[in-house]
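Read-outs: derived from the displayed coordinates by stated rules, not from any lab. Owing to the predicted nature of the structure, the values given are computational and were not obtained by experimental measurement. Because the Cβ atoms are built from the backbone with ideal geometry, glycine has one as well, and the counts that use them run over all protein chains shown.
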Amino acid sequence: MNLYTKTGDSGKTSIIGGRVDKDHLRVEAYGTIDEANCFVGQAMTHLTEPLFQDIYQELEKIQHELFDCGGDLAVVKEKYPYKASNEMVEFLENRIDAYVKEAPELERFILPGGSPAAAAVHIARTVTRRAERCTVSLQKEMEINEVVLKYLNRLSDYFFAIARVINHRLGVKDVEYERSALVFKTKSSNKEKKILKDLI
């Protein structure tokens, strides 16, 4: 098997059910998901000790699911079965809830970083946000598996949650943004909380 086929030398690439330009919105979206997946793999190299066995196993699961999401976005063929499911989203929600309880209470915005492992996860988070934006752009133009968009939205929240837990388990304190107000106070309105959550 040759790693190169030369079929893309003209600037087009194959997707499931056809061929498109390599800068097509569809390719940009699933390509950015692939980029996020690579950063997840990099983060995992910092999480091999037993202290992070649960997170490591979850990230490995997520890598497979990101492949599912990318595959779904590469489909233009009619009646082709999607792989990304609401169960994947629900799993992330359950893990986010658990990790929020484990980490110290959050009152202010924090700077990405702390430990090398948490910093790596924050990079995966921001690339996932970019993948989400690309997927939104694609959705405006054509039909997609909408679960993918929901999954990416929840996944960036998951990365934020585990980055904080990683620092907490290592005894590394999150660095608060020094000009941040107390934005995560309980008394904040639901609308305020939603706006602030979307900034993470």
- Surrounding charge for LYS101, neighbours by C-beta under 12 angstrom, Lys/Arg +1, Asp/Glu -1, total -1
- Message: Quick query: amide H of ILE110 versus all other amide H atoms, modeled in the peptide plane; which residues come in under 5 Å with a sequence gap of 5 or more or a different chain?
- Response: TYR177
- Could you let me know the centre-to-centre spacing of the stretch 78-102 and the stretch 33-57, using Cα atoms, in angstrom? 17 Å
- Query: Using θ = phi - 60° and the Karplus curve 6.51 cos²θ - 1.76 cosθ + 1.60, what whole-Hz ³J(HN,Hα) does each residue of the stretch 89-99 get, with Gly and Pro shown as x?
  - Reply: 5, 5, 4, 4, 4, 5, 6, 4, 4, 5, 6
- Report the FRET efficiency, 1/(1 + (r/R0)^6), for TYR80 and ARG133, where r is their Cβ-Cβ distance and R0 is 25 Å, rounded to 0.05. 0.50
- Message: Tell me the net charge near LYS83. Cut-off is 9 Å between Cβ atoms, LYS83 excluded, with +1 for each Lys or Arg and -1 for each Asp or Glu.
- Response: -3
